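Chemist: Quick one: the structure is below, questions incoming.
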Amino acid sequence: MLPSPIRETADIIKKLPGIGPRQALRCAFYILRNPAIRQDLKLVLDKIESVKNCSICFRYIHLSPNAADSTCSICRDIERDKNSLCVVEEDVDLEQLEKAGAFGGQYFVLGGRLSLNQDPRALRINELKQRALKDKDLKEIIMAMSPTAEGNAAFLWLKQEILSASDNTAQIKITRLGIGMPSGGEIEYADEETLRGALENRN
């Protein structure tokens, strides 16, 4: 019988994406055998406590304890296009699009993937609709969903949700990534040239 701290550690590690029970147990034993790793994990957890969500786009940002501004550098940048908003599922998608350098507008992070197994209330659907309602400069919303079956369904559902919110949102042009992203591909793993092509050919 495994000591309960090891078993509980493995159970926690198992919650990470792509980690199965056997891998989780190996990781738990590795942590047990390496005091330096345990110290590093404590430092990581302390650092994560200072990571919060931007109050406008909801991407993760580092905030010092006495920070007066809770917005990210992108939302504060007055040079960025206020007429276009790119909606992404996760922060990693935003980082990939920024790395490609093909989009100069604003962002909105849903906080997860909309799917049959995902409760829409767990995502920032209402916050997105409020952004569309209140942002008078907004002319286009680009839905940067991966071109999978779930991504296609999410695009159609979100488009209807926004357009039906009010007469104001009905005037907003809603597009999605176009030619460039292969069917079934993930934004997270797309290269910069592919993402630039998908943004330029959005429809």
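The values are calculated or read from the model by the stated rules, or taken from the named source; none is laboratory data. Predicted, not measured: the structure shown is a model, and the values here were computed from it. Using ideal geometry, Cβ is built from the backbone for each residue, glycine included, and neighbour counts are taken over all protein chains shown.
So that you can scan it fast, the table gives a plain yes or no per residue for (1) touching a residue at least 12 places away in the same chain (Cβ under 8 Å); (2) assigned to a helix (DSSP H, G or I); (3) not assigned by TED's automatic domain parsing to the domain that holds GLN171:
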| site | (1), (2), (3) |
| --- | --- |
| ILE56 | yes, no, yes |
| ALA68 | no, no, yes |
| LEU85 | yes, no, no |
| VAL92 | yes, yes, no |
| LEU133 | yes, yes, no |
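Chemist: List the pairs whose first member sits in region 102-127 and is under 14 Å from ALA154 (Cβ atoms) and touching a residue at least 60 places away in the same chain (Cβ under 8 Å), whose second member is of a type outside the set (A, V, I, L, M, F, W, C) and surrounded by fewer than 20 Cβ atoms within 10 Å (Cβ to Cβ), and whose Cβ atoms are under 6 Å apart, counting only residues at least 6 apart or on separate chains?
Modeler: ARG124/GLY111
Chemist: While we're looking at this one, here's another question. Would you check which residues across region 145-179 are in contact with an Asp or Glu (Cβ under 6 Å, 6 or more places away or on another chain) and either buried (at least 18 other Cβ atoms within 10 Å of the Cβ) or free of Cβ contacts under 8 Å to residues at least 24 places away in the same chain (or both) and list them? Don't jump to the end; show me each part of the working.
Modeler: Let us first name the residues in region 145-179 that are in contact with an Asp or Glu (Cβ under 6 Å, 6 or more places away or on another chain), namely 146, 173.
Across region 145-179, the qualifying residue is only SER146.
Chemist: Could I ask something else about it? Against the condition of a type in the set (Ser, Thr, Tyr) and within 19 Å of the chain's Cα centre (by Cα), how does SER64 come out, does it pass?
Modeler: Numbers: of a type in the set (Ser, Thr, Tyr): yes; within 19 Å of the chain's Cα centre (by Cα): no.
Spelling it out, it is not the case that SER64 is of a type in the set (Ser, Thr, Tyr) and within 19 Å of the chain's Cα centre (by Cα).
Chemist: Could you figure out which of (1) more than 13 Å from VAL87 (Cα to Cα); (2) assigned to a loop (DSSP other than H, G, I, E, B) isn't true of SER146?
Modeler: Failing condition for SER146: (1).
Chemist: Just for region 173-202: of the residues that are in contact with a Lys or Arg (Cβ under 7 Å, 6 or more places away or on another chain) and outside any strand (DSSP E or B), which one is modelled with the lowest pLDDT? Write out each step before concluding.
Modeler: Let us first name the residues in region 173-202 that are in contact with a Lys or Arg (Cβ under 7 Å, 6 or more places away or on another chain), namely 173-178, 192, 202.
This time we only want the ones that are outside any strand (DSSP E or B), so: 177-178, 192, 202.
Values: LEU177: 79, GLY178: 70, GLU192: 76, ARG202: 78.
This residue is GLY178.
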